[in-house]
Amino acid sequence: MPHPMDISRREFLAGSAAMGAAAALGLTACSAQGTSEAAATSAATQSGQSVRDMIYGIDEKVTLADGSQRAAVCFDNAATTPAFKAVKDEVDTELLSYGSIGRGAGQKSTHCNDVYTNGRQTILDFLGADSDKYTAIYTANTTDGLNKLARSLVTSKDQVVISTRMEHHANDLPWRDVATMLYADVDAQGRLKMDDIEALLAANEGKVRLVTVTAASNVTGYFNDIHAIAKLAHAHGAMIVVDGAQAVAHRSLSMRGDSEDADIDFIAFSAHKMYAPYGGGAIVGLTSVLNTAAPPVLGGGIVDLVTENDAVFLPAPARFEAGSPNYPGVVSMLKAMGIIQGIGFDYIENHEHELLQRTLDGLRQIDGATLYGDCDDIDDRGGIVVFNIDGHWCTDVAKTLADEAGIAVRAGMFCSHVYSSRLLGVSDAEIEANKSNASYRFPNMVRASIGIYNTADEVDTLVDEVARIAADTASATTV
């Protein structure tokens with residue numbers, strides 16, 4: 001066998017480096033543990049172990065405004081989730097064997113490279129992606145992944161990209177910079193208008209490079225039918241890119257549709273929204289397209305050869321991964337995938353749906369509380385609730401919940417300004433007219449978002465505290 005320093009990085013990253021050095025250390029790659037991890041987690045859950053017990057820091061107390069302490073209640077899971085205990089333990093263990101990824105000759109480097117390389121298959125399996133069709137690329141997070149796709153997939157400003165008015169800024173602004181943008185709108189309840197997508201595709205036949213859409217809204221929690229959208233895009237010669245950030249930890253996603261024309265072409269997501277907060281993320285996409293796409297970031301690790309006047313780039317995934325990889329982010333993401341699969345998406349979806357229903361039912365009974373989105377037909381909604389309280393500015397509500405009850409929610413427009421404005425009924429003209437008005441308060445809401453570890457008691461505590469704030473007219477501010 002050749003010494004690792006004598007073979008190309010292409011061969012090394014393809015996994016041809018020896019496993020012997022890792023075996024000599026008694027080390028095993030995370031990806032090989034994926035199936036057993038899921039089975040073990042499932043067995044533990046079925047035997048009565050609480051999913052809540054799997055979460056790190058769940059009983060950690062926070063200090064309230066009056067100086068007392070209380071266990072924190074987190075309803076800010078759409079922003080980021082706490083860590084699984086097993087994720088933290090896995091990272092701590094792997095750091096004992098941490099070495100450089102790439103062409104390092106040491107045993108630790110070989111081990112880390114094996115974990116890193118074999119982990120791609122874990123990601124593909126998690127998303128039902130065929131390895132002969134798709135490639136998994138490591139990223140920093142969803143925003144990083146979508147920016148890389150925008151810079152690589154669109155080759156001319158004349159190319160049209162269709163997006164929606166539901167998108168997070170991460171799946172809007174990167175495309176604006178490289179393409180001609182068109183937007184499908186949402187209805188009065190905030191759901192995506194599928195007819196708009198089809199009409200835009202038909203009206204721009206032959207010009208549309210791709211359709212990019214969120215799998216689930218970070219504001220209302222609506223899940224979009226991404227496979228139906230894929231069919232529409234493909235029927236008009238376009239590709240589809242999916243922002244999977246708000247979906248991957250809540251419902252099973254697959255790159256496969258019910259037919260090949262319904263398959264997803266590209267998806268990006270973050271690990272920090274799936275109980276692995278170490279800065280990891282991934283793109284899964286068509287290998288045939290990625291192999292010829294322009295590298296979005298230039299630097300070390302993406303080249304086969306550099307001469308004085310030229311550079312020969314490696315195929316995907318290497319050409320998308322310039323610089324030193326975030327090994328803890330990769331390890332944590334792979335571990336979290338196994339745990340989530342072990343808990344099971346049926347359990348996750350049912351549990352979060354029950355808590356969503358309980359939250360909506362409770363908040364709707366409060367005088368002065370206004371809820372947004374469809375609160376009756378919620379089968380296509382994930383565990384996100386957005387609301388306001390008459391006479392109370394949203395940031396004051398969020399601060400009061402934290403200061404007086406230790407409840408974490410989020411207030412604002414959630415990096416989805418256009419969508420939030422539509423839900424609130426604020427016109428584009430009003431916002432445009434007040435952009436330079438320092439005293440103008442842009443539309444905002446309070447968001448409570450549910451995780452797999454939240455409980456009915458926590459929901460009831462949230463509802464009770466919101467009711468108390470709503471009843472406290474003495475502290476109300478003019479909105």
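Convert each backbone phi in region 151-157 into a coupling constant with the Karplus relation 6.51 cos²θ - 1.76 cosθ + 1.60 (shift: θ = phi - 60°), then list the ³J(HN,Hα) values in order as whole Hz, x for Gly and Pro.
Result, ordered by residue: 6, 9, 8, 9, 10, 8, 5 Hz.
Along region 127-136, what does the Karplus equation 6.51 cos²θ - 1.76 cosθ + 1.60 (θ = phi - 60°) give for ³J(HN,Hα), rounded to whole Hz, x for Gly and Pro?
With coefficients 6.51, -1.76 and 1.60, one gets 10, x, 9, 6, 5, 7, 10, 10, 10, 9 Hz.
Mind listing the long-range amide H neighbours of Ala184? Cut-off is under 5 Å, sequence gap 5 or more, other chains count too, H placed in the peptide plane at 1.01 Å from N.
Answer set, sorted by chain and number: Ser163, Thr164, Arg165.
Any idea what the relative contact order of the chain is, in percent, if you count C-alpha pairs under 8 Å spaced at least 6 apart?
Relative contact order, the chain: 20 percent.
How much accessible area per residue does the chain have, counting only protein heavy atoms and a probe of 1.4 Å, in square angstrom?
For the chain, the solvent-accessible area averages 41 Å² per residue.
Quick check: Cα centre of region 140-198 to Cα centre of region 398-432, how many Å?
One Cα centre to the other: 22 Å.
Given that compact globular proteins tend to follow 2.2 N^0.38 Å, what is the ratio of the alpha-carbon Rg of region 93-141 to that value?
This ratio for region 93-141 stands at 1.30.
At a probe radius of 1.4 Å, what is the per-residue accessible area of Arg256, in Å² to the nearest 10?
Here the residue's solvent-accessible area equals roughly 120 Å².
As a test question: what accessible area, to the nearest 10 Å², does Arg358 have when a 1.4 Å probe is rolled over all protein chains in place?
Here the accessible area works out near 110 Å².
Which entry is the computed Rg/Rh (Cα atoms, Kirkwood Rh) for this structure: (1) 0.99; (2) 0.96; (3) 1.18?
Looking at Rg/Rh (Cα atoms, Kirkwood Rh) for this model, the match is (1).
Over the Cα atoms of region 95-192, Rg to Rh with Kirkwood Rh, two decimal places?
Answer for region 95-192: 1.13.
Counting only residues 5 or more places away or on other chains, whose amide H sits under 5 Å from the amide H of Ala408 once H atoms are built in the peptide plane?
Val73, Cys74, Phe75
Name the shape class, rounded, prolate or oblate, that the alpha-carbon gyration tensor gives for region 142-263, where a ≥ b ≥ c are the square roots of its eigenvalues, rounded holds for a/c under 1.5, and otherwise prolate holds if a/b is larger than b/c and oblate otherwise.
On the way: a/c = 1.31, a/b = 1.18, b/c = 1.10.
Note, shape of region 142-263 comes out rounded.
Would you grab the residues whose amide H sits under 5 Å from the one on Thr214? Only those 5+ places off in sequence or on another chain, please, with H modelled 1.01 Å from N.
Asp243
Rounded to the nearest 0.05, what FRET efficiency do Asn434 and Lys193 have when you use their Cβ-Cβ distance and R0 = 22 Å?
Computed FRET efficiency for Asn434 and Lys193 comes out at 0.25.
Can you count the Lys pairs in the chain whose Cα atoms are under 26 Å apart, with each pair 8 or more apart or on different chains?
For the chain, the number of qualifying lysine pairs is 29.
With the full set of protein chains in place, find how many percent of the accessible area of the chain is carbon and sulfur; take the probe as 1.4 Å.
C and S atoms contribute 49 percent here.
Compute the long axis of helix 194-203 from its Cα atoms, compare it with the longest principal axis of the Cα atoms of the chain, and write down the angle in degrees, 0 to 90, nearest 10.
60 degrees
What number, rounded to the nearest 500 deg cm²/dmol, is the helix-based mean residue ellipticity at 222 nm of the chain, given -39500 (n - 2.57) per DSSP H run of at least four residues and division by all its residues? Walk me through the intermediate numbers first.
On the way: 15 runs with 167 residues, N = 479.
The per-residue figure over the chain is -10500 deg cm²/dmol.
For region 220-291, state the semi-axes of the equivalent ellipsoid (square roots of 5 times the eigenvalues of the alpha-carbon gyration tensor), sorted largest first and rounded to whole angstrom.
Ellipsoid semi-axes (Å, largest first): 23, 15, 9.
Would you tell me the accessible area of Glu352, worked out with a 1.4 angstrom probe on the heavy atoms of the protein chains, in Å² to the nearest 10?
It works out to around 10 Å².
Using unit Cβ charges (K, R positive; D, E negative) and no other charged atoms, how large, in debye to the nearest 20, is the dipole of region 74-226 about its Cα centre?
Its charge dipole is roughly 480 debye.
The values are calculated or read from the model by the stated rules, or taken from the named source; none is laboratory data. What you are looking at is a predicted structure, and each value in this text was computed from that prediction instead of being measured. Please note: Cβ atoms are built from the backbone with ideal geometry, for glycine as well, and neighbour counts cover all protein chains shown. These area figures cover heavy atoms from the full protein model, side chains too; ligands, DNA and RNA do not enter into them. Shrake-Rupley method; radii C 1.70, N 1.55, O 1.52, S 1.80 Å.
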